Amino acid sequence: MARGQRKSIEEKIQQKQEIIDALETRIEHEREELEALLSEQKQKEVETLYDFIKTSNLDVYEATEVLQQYVAEHEEVMA
């Protein structure tokens, strides 16, 4: 029974290279989408923090000082 024409090693290499190239393109696209999602998440977190600061009638510098003091006090407790 005839099997048909076999692919040469060069054709097999070319086919695998095309598959790898396509996968690399897909991975790059997925990384770009992930970065966009992470950026969106960060932006929402910053907006949430900003809204909290504003509703607390603090400015950014006052809030930073309060947070620094809080962290310093808790570092002493944890040490």
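Annotations for the structure displayed:
- Applying 0.36 nm per residue to the separation of Ile27 and Arg6 and subtracting their alpha-carbon distance, the gain on full extension is 4.4 nm.
- Measuring nothing but protein heavy atoms, the accessible surface of the chain at 1.4 Å probe radius is 56 percent carbon and sulfur.
- The Cβ shell under 11 Å around Glu40 holds other residues with a net charge of -2, Lys and Arg each +1, Asp and Glu each -1.
- Per residue accessible area of the chain, 1.4 Å probe, in Å²: 100 Å²
- Overall form of the chain per C-alpha gyration tensor (a/c, 1.5; a/b vs b/c): prolate
- Relative to the longest principal axis of the Cα atoms of the chain, helix 60-78 runs at roughly 90 degrees.
- Separation in nanometres of the label points that stand 7 Å from Cα toward Cβ, at Lys16 and Glu40: 3.8 nm
- Spin-label model, Val66 to Tyr50: label points 7 Å out along the Cα-to-beta-carbon direction sit 1.8 nm apart.
The values are calculated or read from the model by the stated rules, or taken from the named source; none is laboratory data. Treat the numbers as computed from the prediction; the structure is a model and nothing was measured. All Cβ positions, glycine included, derive from the backbone under ideal geometry; neighbour counts span all protein chains shown. Note: accessible area is taken over every heavy atom of the protein model, side chains too, but ligands, DNA and RNA are not part of it. Shrake-Rupley method; radii C 1.70, N 1.55, O 1.52, S 1.80 Å.
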